[in-house]
1. So how much slack lies between Ala36 and Leu151, counting 0.36 nm per residue of separation and subtracting their Cα-Cα distance, in nm?
2. In whole percent, what relative contact order does the chain give with Cα contacts below 8 Å and a gap of six or more residues?
3. Report the full-extension gain for the segment Leu94 to Leu46: residue separation times 0.36 nm, less the Cα-Cα distance, to one decimal in nm.
4. Run the simple label-point estimate for Tyr54 and Glu75 please: 7 Å along Cα→C-beta, distance reported in nm.
5. Between the range 76-129 and the range 17-75, how many Å separate their Cα centres?
6. Which semi-axes, in whole Å and largest first, does the equivalent ellipsoid of the range 18-128 have when worked out from the alpha carbon gyration tensor as the square roots of 5 times its eigenvalues?
Amino acid sequence: ALIFYHPGTPFPGLSALLPCGGAALIIAAGSYGQTAVSRLLSLPPLVFIGLISYSLYLWHWPIIVLLREAGPVVEFTPAQGIAIAVSGILMGWLSWKFVEKPFRKSFSRKAIFSGATASAAVLAVLGVVLVQHDGYPSRFPPQVSQMASYLQYSGHLRREYGTCFY
């Protein structure tokens with residue numbers, strides 16, 4: 001992926017299979033004993049990044065978006081890129097230390113996975129219900145619903161084709 005993907009590569013989608021599959025193979029290789037890759041990944045700085053990776057993932061994008069909102073930025077300078085990385089790592093570490101770690105200590109693995117499974121099931125059922133009912137149309141004022149009903153209008157069925165009915 002590093003060699004063959006370019007800015008025009010559609011992502012995510014099927015193109016995500018290559019990097020995800022590669023990551024899975026690296027993880028699986030660790031179960032066969034010490035390798036050069038496992039020794040590299042066990043270096044303290046990389047273990048640290050691994051520990052805070054989820055919190056870092058959650059923080060990096062808001063930092064980038066806030067910087068872009070501060071002014072029109074097409075591409076960040078190297079100094080801005082370093083500032084983003086340092087800010088993301090700092091915020092990720094703070095979140096990991098003061099939110100993620102205490103949360104993990106508060107609940108057992110079984111409770112976390114049970115809660116996640118129950119939440120996913122409730123959201124799946126809610127999604128199916130909303131799809132079957134075309135969303136939640138009563139959230140719109142009557143005027144908006146009336147205007148939206150014209151989106152299904154097929155002009156060729158009426159004599160007034162070409163007339164705006166909004």
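What follows draws every value from the coordinates through simple rules; no lab data is involved. Model, not experiment: these values are computed from the prediction. Heads up, the Cβs are rebuilt from the backbone with ideal geometry, glycines too, and the neighbour counts pull from every protein chain shown.
1. Net length gain for the segment: 35.4 nm.
2. 16
3. 15.6 nm
4. With each label placed 7 Å out from Cα toward Cβ, I get 3.6 nm.
5. Taking the Cα centre of each part, the range 76-129 and the range 17-75 sit 14 Å apart.
6. 28, 25, 17
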